[in-house]
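Structure record follows, encoded as structure tokens.
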Amino acid sequence: MEQPNQPDISAAPTQYVPFWRDGRVLGVFGQIIFIIVMIVIANTLGSNFASNKDKLGEIHCADGSVDEGYRCAYDFMQANAGFDISETVLPYKVEDSYWQAFYQGFLNTLKVGLLGVILTTIIGTLAGVARLSSNWLISQIALWYVEIMRNIPLLIILFMLYFGVILAGPDLKETMQPWGLPIFFNNRGLNFPWPQFTSSAGIFIAFLVLGAIQYQVVAIALDRREIRTGKSSNKARWGIFSFIVIAMIGWFAASAMSDTEGLLVTKASRIREVDDIERIILKRADVGLMSLVNDLPKEQLAEAALTVCVLRDSPSEVNFISQLRNRGIPYSITRFDRPDQAVAAYGEGKCEVFAASKSVLAAERVTLENPTSHLLVPISETPVVWSVPAFEGLNIAGGSKLSPEFTALLVGLVLFYGGTLAELVRAGIQSVSKGQSEAAQALGLSESQRLTLVVLPQSLKVIIPPLIGTYLSLIKDTSLGLALGFSDMYRISFVTINQTGQALQVVILMMLVYLAISVVFSVLLNWYNAKYVIMVER
Amino acid sequence: MAVNPTAENIIEIRDVHLWYGEFEALKGVNLTVKQGEVIVLLGPSGSGKSTFIRAINRLEEHGRGDITVKGIPLTHDVRDIAEIRREVGMVFQQFNLFPHLTIMENITLAPINVRKWSREKAEEIGMKWLTRVGIPEQANKYPGQLSGGQQQRVAIARTLTMEPEVLLFDEPTSALDPEMVKEVLEVMSDLANEGYTILAVTHEMGFARGVADRIIFMDYGRILETGPSDEFFENPKHDRLKLFLSQILHH
């Protein structure tokens, strides 16, 4: 049926639009231009790369043949690096390969980067909240902190900290020990107590992982029961309880199963177990109680002390020394890099006991002149020992140590990026409407509850996107460690390039690794943002 | 509902002045509220009526004078402020629900963290109030998924779950679409009949006439006239009030 009142759309005259004003055409055209530009750039870079690669000369494979393509481009990395790295996460020797050295640099970069991100988050959040404090003094301090950090280049902050604060600190003789705590600060770094793993730590850690799994299992089981019976239960409490039980079993199992550690002593020393050492020292010092021994005058104490040989940084060193310290037994220690050096010193009588793993001791005992006159005494160990630093002669040993370079880099990055983050946090908090705070106050929430339960969760929406960029900048800026001589990935790469001349490969490798770190980081944070921050805002 | 004449005074306000910088928003306000009394505050915008009720739970800080709630003087003592806020609930014009929490989490947040109730107890009582305001089925949604009237009812349930004795309403229907005003006013009327002490800033004359025990007219930061609702509308004395009533009632 005809409906004369309704205009016939199909019959409406099509208005002519010239193609240079047609939005659809312009959209497609813009994309084509973009693709062409990208191809030109990629082509230029690619041909440039290829011609430069030819200029570098022949690439030799590890087996001596000449490489035509890119097959052996990284074979040079298998050679001995030949340089030492002052500070590594894992053990490293001068004879290790360039790959090993690069890996140590990578770990150092990660160490500074991750610690930096964690500490920056804490400092930045506190400073950002303080900026908005109603307390004039606190907000002014935060304001000045932010302004100073934002207006000084990071490199200058690092130099200030390194040369102006840490290297200008007390020297070894004037080592500071705040409040008599076992924390030592001087211009060689900061030593502090730290748990250290012994050789049986693996078993204990396996049990910890098992406990974490058990925690989940308990939570799921209780959830199922709750759905089935409607009876609710405290999941966290039972989960933590089962975790602790398993961790304790792991601790005792690891302690009981570990019979890898031992001491090499002479039969004449009459040491048959660790307890004997205490008696012998008491007798030698001619006092009745161990606590009295340490009150003796210095020369007498040195005479009474047990002389010990160990391998440098070995688990046995950590374990045995912590046992001596716990018993208050005075000792003097000599460290060796190789077992044969240590056993030679022991053979010459330079030390009364040689502490190492049993397999090492058994192998080295047969090299001694008269193996049967030496005994292998087993010593117990716990998976983790609390290692406390102390003066040993002129050095500070034990515990963990932060080098001046690492400390300056970490503190500098944290202070600088803390200032940046503080502004992000402030902006985030101010993006939350005042009504939210008023509602929280009217409900009786305290100031800290208002902040942590209402305001900060909502401000994350504004904070997280720029925060990802800040974190990535921080991680990339660990490369400024080069200026302080910190052995991060960039510095190791720098040395590698100087020694091998293979700049292209090393730079590409470095770029790929930085890229990989950045991608992993931003994927994780974006995932967090999508899952916990954006979804809840509807 | 008539107020028991022997009821105790729950709020006492004497000569309260409040400044925003140089501007004096309240210029000496006196008011005594009895337990169970329902009071509606009227007045043109900028008259200080919102400021006044916000001073009662310290969202605004008064400069001079005394405010006493249930015998607790409102001073800089943060413990007293917290105590008063537990007894005084407030419903806002803009609802101010927490958008990152579900309806049930909105309701149980303060009981769990301030009253230190267990989650079970908070959810039980929260659900009771959510049922009372007529939207128990919305418990697991987010505020953004609800209509304005529903959000305001959630805000009322959130306030009531804290079990306050005094309720402050700051223009609770002003941000609502007309068809949603009624559902909120019904809830408020029920609460008035149940004996809650209520101070409401509102332009809903029907509510003022029907429910209020007393009506207060404010302008220029002062109380200009106060009286029982029927007398107030039939027989206004102050010229400013006559003008105000003629303006709003003739629309």
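The values are calculated or read from the model by the stated rules, or taken from the named source; none is laboratory data. Only a predicted model underlies this, so the values are computations on that prediction, with no experimental measurement involved. In this analysis, Cβ positions are derived from the backbone assuming ideal geometry, glycine residues included, and neighbour counts consider all displayed protein chains.
Applying the criterion of being facing another protein chain (nearest Cβ under 7 Å) and more than 18 Å from B:K116 (Cα to Cα) to the residues of segment A:442-459, the residue that is surrounded by the most Cβ atoms within 10 Å (Cβ to Cβ) is A:Q458.
This table checks each residue for (1) outside the structural domain of A:L409 (by TED's automatic domain parsing); (2) in a helix (DSSP H, G or I); (3) touching a Gly at 6+ places or on another chain (Cβ under 9 Å); (4) farther than 30 Å from A:G418 by Cβ.
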site	(1), (2), (3), (4)
A:D84	yes, no, no, yes
A:E87	yes, no, no, no
A:L90	yes, no, no, no
A:F106	no, yes, no, no
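Tallying residues that are of a type in the set (G, A, S), touching a strand residue (DSSP E or B) at 6+ places or on another chain (Cβ under 8 Å), surrounded by 17 or more Cβ atoms within 10 Å (Cβ to Cβ) and not in a strand (DSSP E or B) within segment A:383-412 yields 3. Only one entry in A:Q436, A:Q430 is more than 10 Å from chain B (Cβ to nearest Cβ) and over 30 Å from the mean Cα position of the chain (by Cα), namely A:Q430.
No other residue among B:L191, B:L176 is out of contact with any Asp or Glu (no Cβ under 7 Å at 6 or more places or on another chain), free of Cβ contacts under 8 Å to residues at least 60 places away in the same chain, within 29 Å of B:L101 (Cα to Cα) and part of a loop (DSSP other than H, G, I, E, B) apart from B:L176. If A:E317 satisfies every condition in (1) closer than 30 Å to A:E174 by Cβ; (2) of a type in the set (D, E); (3) surrounded by fewer than 19 Cβ atoms within 10 Å (Cβ to Cβ) but one, which is the exception? Going through the list (1) closer than 30 Å to A:E174 by Cβ; (2) of a type in the set (D, E); (3) surrounded by fewer than 19 Cβ atoms within 10 Å (Cβ to Cβ), A:E317 breaks only (3). Could you please give the count of residues in segment A:294-316 that are more than 30 Å from A:T260 (Cβ to Cβ), touching a residue at least 12 places away in the same chain (Cβ under 8 Å) and aliphatic (A, V, I, L, M)? Residues meeting the conditions: 2.
Quick check on segment B:141-157. Is at least one of its residues of a type outside the set (D, E), within 12 Å of chain A (Cβ to nearest Cβ), touching a strand residue (DSSP E or B) at 6+ places or on another chain (Cβ under 6 Å) and buried (at least 17 other Cβ atoms within 10 Å of the Cβ)? Within segment B:141-157, one or more residues are of a type outside the set (D, E), within 12 Å of chain A (Cβ to nearest Cβ), touching a strand residue (DSSP E or B) at 6+ places or on another chain (Cβ under 6 Å) and buried (at least 17 other Cβ atoms within 10 Å of the Cβ). A:P465 meets each of the listed conditions (1) in contact (Cβ under 8 Å) with a residue 24 or more places away in the chain; (2) under 30 Å from A:Y92 (Cα atoms); (3) surrounded by fewer than 17 Cβ atoms within 10 Å (Cβ to Cβ) apart from (2). Within segment A:40-95, being modelled with pLDDT of 75 or more and basic (K, R) holds for one residue alone: A:K93.
Considering A:V366, A:V385, the condition of being aliphatic (A, V, I, L, M) and within 32 Å of the chain's Cα centre (by Cα) is satisfied by A:V385 alone.
Taken over segment B:212-251, the criterion of being on the phi > 0 side of the Ramachandran plot and crowded, with 18+ Cβ neighbours inside 10 Å is satisfied by B:G221 alone. Within the set A:F197, A:F204, the sole residue that is over 30 Å from A:F486 (Cα atoms) and surrounded by 12 or more Cβ atoms within 10 Å (Cβ to Cβ) turns out to be A:F204. Of all residues in segment A:464-471, none satisfies being in contact with a helix residue (DSSP H, G or I) (Cβ under 7 Å, 6 or more places away or on another chain) and under 30 Å from B:W117 (Cβ atoms). Kindly check whether there is at least one residue in segment B:49-64 that is over 17 Å from the mean Cα position of the chain (by Cα) and within 23 Å of B:S189 (Cβ to Cβ). Checked segment B:49-64: no residue is over 17 Å from the mean Cα position of the chain (by Cα) and within 23 Å of B:S189 (Cβ to Cβ). Any residue that is modelled with pLDDT of 90 or more, surrounded by 20 or more Cβ atoms within 10 Å (Cβ to Cβ) and over 22 Å from A:G46 (Cβ atoms) - is there at least one of those in segment A:508-515? Within segment A:508-515, none of the residues are modelled with pLDDT of 90 or more, surrounded by 20 or more Cβ atoms within 10 Å (Cβ to Cβ) and over 22 Å from A:G46 (Cβ atoms).
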